[in-house]
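The values are calculated or read from the model by the stated rules, or taken from the named source; none is laboratory data. Computed from a prediction, not measured in an experiment: that's the story for all the values here. Here the Cβ positions follow ideal geometry from the backbone for every residue, glycine too, while neighbour counts run over all protein chains shown.
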Amino acid sequence: MFELHHLSAQEQVDWLRRGEISPTELVTHYLERIERLDPGLGAFTTVTPDAALARAAVVESSISRALALWGLPLGDKDLNARAGVRTTYGSRLFEHFVPERSDEIVGVLDDAGAISLGKTNAPEFGMPSYTESLVAPPARNPWDVSLGAGGSSGGAAVAVSAGLLPVAPGSDGGGSIRIPAAATGLVGLKPSRGRVPSHAGFTSLGGLVAPGPIARTVADAAMLLDAMVEGGEYQYATRAPSWDGGALLNAAVRGEGRFEIGVMTTSPWDSAYDISLSVEARAALDVAVAGLGVLGHGLEELALDADDTYGPAFRTIWQAGAANIPAEGEQLELLEPLTRWLVERGRQLGARQLGEALVTLTQFERSIIRQFAHVDAVLTPALAMTPRPVGWYDAVDPERNFEQQVQYTPYTSFANVSGLPAISLPVSVTDGGLPMGVQLIGRPGGEHTLLAIGAQLERRFAWQRRHPPQW
């Protein structure tokens, strides 16, 4: 039986603008699904039905239908403050916090005509790559609820995968959009550094964090990213000379071009930890390579230059970034072991150590861009393993926990360090029915190329037709 969430996000906006459904009807549909299905999934930490319906009435009566996201339901990641709505940052430290002001990205999406239904689940301050905190139930993978959804945008991915939202905004500082997208069978796009003018949440040391979309289709992701870009108050660093509104969506819809693509299974963590590629991850990569070959793209094998400086420098920046978490004295006891370890290590760092790490990662960025310069995009596995069980990560030993995160997600963080755009695409399903993805990394400002290639693979593999049981 047809239901409204079976439509793509693009189709839902079209129906809204033509008056075939109203914002109130669409919001009500999703609120009912959230009430019925989310208790077993953990996609939301806070749901705001009254505010959402009130906002829908305002959108219907007084906001232009020409806006990019007119009447479309979304959720705010629980790392982004919305005035008057409980925002926990995934931590017991902020369990009852209600901000007085909204973060900029929240206002940008409101200005595009979207309607927030609440806050999507995120881990403590977005530091882990899995969404299991002490302030909320874990975000469970809709394909198998014994498994986690990844993180830190885990709740957003669960909501989109299970049909509780049409699309969702996330943020990505080391893979936090691409990891949960890959784990739950979705498209997740981390834009180039500076592509999205607005920024939200805690300060991102080293410019690692970028807001971006999670969606079921490449075009839906592009539509949401266009809205994020257009809503900014200043031009982003990688603005194309021929930019006009909706350019990324146009690239995704057309899906044109033949490109040179490097295929890579090495990672910058190889010298720091024991990184191994599972059979399922390798199979997903092979599926993508075969599909790209049939589509006529040029393919060549790549391997990163050996570099044993990346791992220690990234750890230093991750720890230093946690040092500013506002916990002092007895408040530190409220933090989870991993977060507290990061905070304490970060506060022990000296200026010289931090400066050396920043220089090292800047040199790494330049090296990566040089190594990738002769191709249009680089293909890697999205994850090194199948989605991990809830409770798999060590809750006591932070060193082991960090190692586990790297072993699961060795291919994502270096795109943040190098500032490059990267997209996760759900190309295959395991014999056991779990989605597996690949990652495409583009040139600086090269989102249009990633979207074009992604659209071509989507036409071939039709992943938008695959859905978990809750669908």
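On the basis of being in contact (Cβ under 8 Å) with a residue 40 or more places away in the chain, charged (D, E, K, R) and more than 24 Å from residue 271 (Cα to Cα), does residue 443 make the cut? Considered against the rule, which asks whether it is in contact (Cβ under 8 Å) with a residue 40 or more places away in the chain, charged (D, E, K, R) and more than 24 Å from residue 271 (Cα to Cα), residue 443 comes out as yes. Can residue 38 be described as modelled with pLDDT of 95 or more, buried (at least 16 other Cβ atoms within 10 Å of the Cβ) and in a helix (DSSP H, G or I)? Yes; evaluated as a whole, the condition is true for this residue. Scanning the range 144-182 for residues that are in contact with a His (Cβ under 9 Å, 6 or more places away or on another chain) and farther than 21 Å from residue 106 by Cα yields 161, 162, 163.
Of all residues in the range 275-305, which are in a loop (DSSP other than H, G, I, E, B) and more than 18 Å from residue 415 (Cα to Cα)? Hits for the range 275-305 are 276, 277, 278, 295, 296, 297. Restricting the range 79-97 to residues that are among the β-branched types (Val, Ile, Thr) and assigned to a loop (DSSP other than H, G, I, E, B), the residue that is surrounded by the fewest Cβ atoms within 10 Å (Cβ to Cβ) is 88.
Only a single item in (1) surrounded by 21 or more Cβ atoms within 10 Å (Cβ to Cβ); (2) free of Cβ contacts under 8 Å to residues at least 24 places away in the same chain; (3) acidic (Asp, Glu) is not met by residue 328, and it is number (1).
For the range 98-150, the set of residues classified as at positive phi, surrounded by 24 or more Cβ atoms within 10 Å (Cβ to Cβ) and in a loop (DSSP other than H, G, I, E, B) consists of 150 only. On inspection, residue 368 passes the criterion of being more than 23 Å from residue 128 (Cα to Cα) and at pLDDT 95 or above. Residues in the range 443-458: is at least one in contact with a His (Cβ under 9 Å, 6 or more places away or on another chain), of a type in the set (Val, Ile, Thr), buried (at least 17 other Cβ atoms within 10 Å of the Cβ) and within 18 Å of residue 290 (Cβ to Cβ)? Within the range 443-458, one or more residues are in contact with a His (Cβ under 9 Å, 6 or more places away or on another chain), of a type in the set (Val, Ile, Thr), buried (at least 17 other Cβ atoms within 10 Å of the Cβ) and within 18 Å of residue 290 (Cβ to Cβ). Counting only residues that are of a type in the set (Gly, Ala, Ser), surrounded by fewer than 17 Cβ atoms within 10 Å (Cβ to Cβ) and closer than 24 Å to residue 89 by Cα, the range 41-69 holds 1 of them. I'd like to know if the range 288-310 contains one or more residues that are surrounded by 18 or more Cβ atoms within 10 Å (Cβ to Cβ), of a type in the set (A, V, I, L, M, F, W, C), under 17 Å from residue 442 (Cα atoms) and touching an Asp or Glu at 6+ places or on another chain (Cβ under 7 Å). No, there is no match, as no residue in the range 288-310 is surrounded by 18 or more Cβ atoms within 10 Å (Cβ to Cβ), of a type in the set (A, V, I, L, M, F, W, C), under 17 Å from residue 442 (Cα atoms) and touching an Asp or Glu at 6+ places or on another chain (Cβ under 7 Å). Looking at (1) within 23 Å of residue 410 (Cβ to Cβ); (2) touching a residue at least 40 places away in the same chain (Cβ under 8 Å); (3) not polar (S, T, N, Q), which one does residue 308 not meet, given that it meets all the others? Every listed condition holds for residue 308 apart from (2).
Taken over the range 7-21, the criterion of being touching a residue at least 40 places away in the same chain (Cβ under 8 Å) and either under 11 Å from residue 53 (Cα atoms) or assigned to a helix (DSSP H, G or I) (or both) is satisfied by 9, 10, 12, 13, 16, 17. Here residue 387 does not qualify as more than 20 Å from residue 210 (Cα to Cα), out of contact with any helix residue (DSSP H, G or I) (no Cβ under 6 Å at 6 or more places or on another chain) and part of a loop (DSSP other than H, G, I, E, B).
Reported count of residues in the range 64-78, each being closer than 26 Å to residue 21 by Cα, touching a helix residue (DSSP H, G or I) at 6+ places or on another chain (Cβ under 9 Å) and either assigned to a loop (DSSP other than H, G, I, E, B) or of a type in the set (Phe, Trp, Tyr) (or both), is 8. Among the residues of the range 454-470, those identified as part of a helix (DSSP H, G or I) and touching a residue at least 12 places away in the same chain (Cβ under 8 Å) are 454, 455, 456, 457, 458, 459, 460, 461, 463, 464.
Among the candidates 25, 104, the residue that is more than 26 Å from residue 390 (Cβ to Cβ), out of contact with any Gly (no Cβ under 8 Å at 6 or more places or on another chain) and modelled with pLDDT under 95 is uniquely 104.
A single member of 140, 86 is more than 15 Å from the chain's Cα centre (by Cα) and either aliphatic (A, V, I, L, M) or closer than 21 Å to residue 186 by Cβ (or both), and it is 140.
Scanning the range 259-274 turns up no residue that is out of contact with any helix residue (DSSP H, G or I) (no Cβ under 9 Å at 6 or more places or on another chain), surrounded by fewer than 20 Cβ atoms within 10 Å (Cβ to Cβ) and assigned to a helix (DSSP H, G or I).
Results for (1) in contact with a strand residue (DSSP E or B) (Cβ under 9 Å, 6 or more places away or on another chain); (2) at pLDDT below 95; (3) aliphatic (A, V, I, L, M), shown as yes or no for each residue.
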residue: 224; (1), (2), (3): yes, no, yes
residue: 247; (1), (2), (3): no, yes, yes
residue: 256; (1), (2), (3): no, no, no
residue: 263; (1), (2), (3): yes, no, yes
residue: 266; (1), (2), (3): yes, no, no
residue: 277; (1), (2), (3): yes, no, yes
residue: 294; (1), (2), (3): no, no, yes
residue: 298; (1), (2), (3): yes, no, no
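Among the conditions (1) in a loop (DSSP other than H, G, I, E, B); (2) among the hydroxyl-bearing types (Ser, Thr, Tyr); (3) buried (at least 24 other Cβ atoms within 10 Å of the Cβ), residue 171 misses just one, which is (1).
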